[in-house]
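The values are calculated or read from the model by the stated rules, or taken from the named source; none is laboratory data. Nothing here was measured: the structure is a model prediction, and the numbers come from that model. Positions of Cβ are generated from backbone atoms using ideal geometry, with glycine treated the same way; all protein chains shown enter the neighbour counts.
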Amino acid sequence: MNYSEIVKEKFEKLKIQKDVIILSIESSCDETSIAVVKNGREVLSNIVASQIEIHRRFGGVVPEVASRNHVSAISSIFDLALKEAGIVKENIDAVAVTFGAGLIGALLVGVNFAKALAYTLQVPLIKVSHVMGHIGANYISYQELTPPFICLMISGGHTAILKVEDYNKHTLLGSTVDDAVGEAFDKVARVLGLNYPGGPEIDRVARDGKPNYNFTVSKSLKNTLNFSFSGIKTEVVNLVHNMHQRGEDIPVCDIACSFQECVTDELADKAIKACFKTGIKKLVVAGGVGANSRLKEKLSKICKENDIEYFSPLLKYCTDNGAMIASAGFYMLKSGLGLADLSLTASAVVPL
Ligand code: KG4
Ligand code: ZN
C-alpha cells in the first residue's frame, strides 16, 4: 500500500478511536508554533517562538524574513513540543497544519515540514484554515464550550461575525468591507509612533488617555452586521498628519483611547446585534484583537446585561499558536474532513 492508501485507512480508524493525539503546526505569519493536543481540548504542549522582536525594527512583518526565521526555528520547536508533551514521535496519531490564510512563504515552511513528518510517520495529514483555528482556541480555553454560538472573528487579517452551527458548519452573517480591525489598530499605532504590533500598544497607552476625539465609523453600514474600518483609520492618519504639519505635540494617549473606544463600541454593538438577530445567546470571540482589554470589559458588561454567555480565549491562545490548529483539526477529523495528501500547498486566502 502507498502512503495515501495507508492514511485513508488510519483516518477512518481515528474517527472512532477513543484517544487521538494530534501534533499541529502553525507558521502563517510571524509565530512559529508547534503543539501536541489530546482529543482536541487537552493541551500537552504548545511551543510558540515569536518573531515580533525581529520584525519590530521594520515596523511590520517582512515576509521573506518571516519565512527564513520559520525555517531556522521549526526543527528545534518540534523537539521541544514533543519533550514538553512527554511523548515520542511514534505516539502522534495525525499531523495538522495551517495551510492558509497567511503569507505564502511562511505557510510553506509549516506545510512542508508537516508533509515530511506525516509521510515519515505514515499518519494522516489534516489541512486546517487559520481562521477556523482561532475558533478552536476557545475549545481549549473552555472545556465545556460547544456550538451553536455567535463568533466575533477579529484578527489582523479577518473581521467577521459567524453563526457557528456546529464544529464544521457556519454561516457568515457579516464581515468587513475594507480593512480588518487588527490592520486598523496596527496602522493607527504606526502613525502614532508606537511599536509593532500596534494593537497591544494602543491597548496599553489608551489607559492613560481620554476619549476626547469624536471619531466615527461608517453610518451606511449601521443596519447591517458588516464593518468598515478604513474611514476611521484615514481620519486618524489625517489628524496626526495635520498636527505634525502645524508643529503640534501629538496627544498619543488621547487619540489611541478615542480610536479604541469607537472601534470597540462598533465591534461590541454588532456582536450583540448578531446574538439578538439569531436568538443565540452565546458569544465567542476569536483572533488577536480579542485580547483587547477594553473590548473584553465592554463585552463582558453588555453580555451580562443581556443574559448572553460570553467566551473569550485565554490570552495565550488568543494570538497565533499551534494548539488552536490541533483543536480545529481534531473536529475536522472526527467529521471526516480535511484529509490532505502530499500535494498539499499553501493558500494566501481561504474563504470564510
Ligand atoms: O490573530 P492574530 O494573532 O493574527 C492574525 O491572524 O492576524 O492577530 C494579530 C492582530 C494584530 O493586528 C494585533 O495588533 C492585534 O491582533 N492585537 C490586538 C491586541 N493584541 C493583538 N489588537 C488590539 N488590542 C490588543 N490587546
Ligand atoms: Zn491569527
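Some points to look at:
- Single residue of region 50-84 satisfying the filter (within 14 Å of ligand 1 (Cβ to nearest atom) and among the hydrophobic types (A, V, I, L, M, F, W, C)) that is surrounded by the fewest Cβ atoms within 10 Å (Cβ to Cβ): Ile52
- Any hit, region 38-60, residues being hydroxyl-bearing (Ser, Thr, Tyr), in a helix (DSSP H, G or I) and touching a residue at least 12 places away in the same chain (Cβ under 8 Å): no
- Single condition Gly174 does not satisfy, out of (1) away from ligand 2 (no atom under 16 Å from the Cβ); (2) assigned to a helix (DSSP H, G or I); (3) surrounded by fewer than 24 Cβ atoms within 10 Å (Cβ to Cβ); (4) at pLDDT 95 or above: (2)
- Enumeration of residues in region 1-37 that are within 16 Å of ligand 2 (Cβ to nearest atom) and not in a strand (DSSP E or B): Ser27, Ser28, Cys29, Asp30
- Subset of region 185-199 that is more than 16 Å from ligand 2 (Cβ to nearest atom) and either assigned to a helix (DSSP H, G or I) or assigned by TED's automatic domain parsing to the domain that holds Ile54 (or both) - its residue that is surrounded by the fewest Cβ atoms within 10 Å (Cβ to Cβ): Arg190
- The requirement of being farther than 22 Å from Val350 by Cα and either modelled with pLDDT of 95 or more or not in a helix (DSSP H, G or I) (or both) is fulfilled nowhere in region 105-112; no residue meets it.
- Top-ranked residue of region 122-139 - restricted to ones that are touching a Leu at 6+ places or on another chain (Cβ under 9 Å) and more than 15 Å from ligand 2 (Cβ to nearest atom), ranked as farthest from Ala291 (Cα to Cα): Val123
- Of all residues in region 273-326 being on the phi > 0 side of the Ramachandran plot and among the small types (Gly, Ala, Ser), the one that is farthest from ligand 1 (Cβ to nearest atom): Gly279
- Arg204 meets all of the listed conditions (1) more than 14 Å from ligand 1 (Cβ to nearest atom); (2) surrounded by fewer than 19 Cβ atoms within 10 Å (Cβ to Cβ) but one, namely (1).
- Of all residues in region 140-157, exactly one satisfies the criterion of being assigned to a helix (DSSP H, G or I) and in contact with a Leu (Cβ under 6 Å, 6 or more places away or on another chain), namely Ser141.
- Yes/no for Ala268 being under 12 Å from Ile154 (Cα atoms), touching a Lys or Arg at 6+ places or on another chain (Cβ under 6 Å), modelled with pLDDT of 95 or more and crowded, with 19+ Cβ neighbours inside 10 Å: yes
Rundown of residues vs (1) exposed (fewer than 15 other Cβ atoms within 10 Å of the Cβ); (2) outside any helix (DSSP H, G or I); (3) touching a Lys or Arg at 6+ places or on another chain (Cβ under 9 Å), yes/no style:
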position	(1), (2), (3)
Thr216	yes, yes, no
Gly231	no, no, no
Cys262	no, no, no
Ala274	no, no, yes
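- Residue match in region 200-216 (condition: in contact with a His (Cβ under 9 Å, 6 or more places away or on another chain), farther than 14 Å from Val289 by Cβ and in the same structural domain as Gln245 (by TED's automatic domain parsing)): no
- Residues of region 288-318 classified as under 27 Å from Leu23 (Cβ atoms) and out of contact with any Pro (no Cβ under 9 Å at 6 or more places or on another chain), total: 8
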